[in-house]
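Just below is one structure, and these are the notes that go with it.
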Amino acid sequence: MTRMLIIGPPGSGKGTQAERISERLGVVAISTGDIFRANVKGETPLGIEAKKYMDAGDFVPDSVTNNMVRDRLGQSDVENGFLLDGYPRTTAQVDYLDQILAEGEQELDVVLQLTADDEELVTRLLGRAKETGRSDDNEAVIRHRLDLYHEQTEAVVAKYAERGILTQVDGIGGIDEVTDRVLTAIESAKAV
Ligand code: B4P
């Protein structure tokens, strides 16, 4: 049983590594960004609301995001653990997640932070823009998303560091190399 978070700036490889961790550890990976994108594609009311914020690189309001996560964590496939990718991104979301977990008498085992410097991240995301044409991968929006990470999500990381459950992994290097580092870090964190 593993309940964990993966946190990192945009382009640090969260989604990429989450998929691999999920396969290796057999836990379901839940990406708030992917849930939003699926809703945008399906033109659901949630997607129409979220798109306004995502295209500008802003956070979707907590009132929308928190309820969506609560619903997702209530589903039966998370019984054997989960890996949350992209949530929490604000300290208010940390408090909300604490509440959800406390209600289920659950705790997080590991919080993994992927690190990389901003210029490498901008280069990666501009590369992805050419391949996928994601509407929030243009330079001005990417830089805004990075600013938000520094302004708001680093405080989230600090909270988990204070609780002693944070593990940092260098996200620079080949994808396989980073996966090896991530899996080693999770094993050592769980062994503590
Ligand atoms: P996300 O989908 O989480 O977008 P992201 O931060 O860009 O991460 P992503 O997972 O896509 O990228 P990755 O690091 O894997 O969120 C999108 C938007 O949704 C947000 O801006 C916000 O509007 C909204 N949202 C989501 N969660 C929210 C929340 N909790 N609260 C409010 N709003 C929320 O990087 C992938 C790229 O890097 C790929 O191109 C990959 O090939 C490349 N890459 C990965 N590892 C690499 C490596 N080692 N070397 C080279 N390239 C690598």
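The values are calculated or read from the model by the stated rules, or taken from the named source; none is laboratory data. Everything numeric here is computed off the predicted structure, so don't read it as measured data. Areas reflect the complete protein model, heavy atoms only, side chains present, ligands, DNA and RNA absent. Shrake-Rupley method; radii C 1.70, N 1.55, O 1.52, S 1.80 Å.
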Within a Gaussian network of the chain (alpha carbon springs, distance under 10 Å), most fluctuating of VAL111, VAL64, VAL169: VAL64
Most mobile of LEU146, LEU126, LEU166 in a GNM of the chain (Cα contacts under 10 Å): LEU126
Top of ARG163, ARG37, ARG89 by mean-square fluctuation, Gaussian network on the chain, Cα under 10 Å: ARG163
For region 94-99, Karplus couplings with θ = phi - 60° (6.51, -1.76, 1.60), whole Hz, Gly/Pro x: 4, 4, 5, 5, 4, 5
Rounded to whole Hz, the Karplus (6.51, -1.76, 1.60) HN-Hα couplings of region 115-124, x for glycine and proline: 10, 6, 7, 4, 5, 4, 5, 4, 4, 4
Residue-normalised accessible area of the chain, given per residue in Å² at a 1.4 Å probe: 50
Sequence-separation-based contact order of the chain, relative, with Cα cut under 8 Å and 6+ spacing, percent: 32
Over region 78-192, relative contact order from alpha-carbon pairs under 8 Å, at least 6 apart, %: 35
Amide hydrogen neighbours beyond the local backbone of ILE7, cut-off 5 Å, H modeled: LEU112, GLN113, LEU114
Amide H partners (placed H, <5 Å) of PHE82, local residues excluded: THR2, ARG3, MET4
Accessible surface of the chain [probe 1.4 Å, protein heavy atoms]: carbon and sulfur percent: 48
For region 40-57, Karplus couplings with θ = phi - 60° (6.51, -1.76, 1.60), whole Hz, Gly/Pro x: 5, 4, x, 6, 6, x, 4, x, 5, 5, 5, 4, 4, 7, 4, 4, 8, x
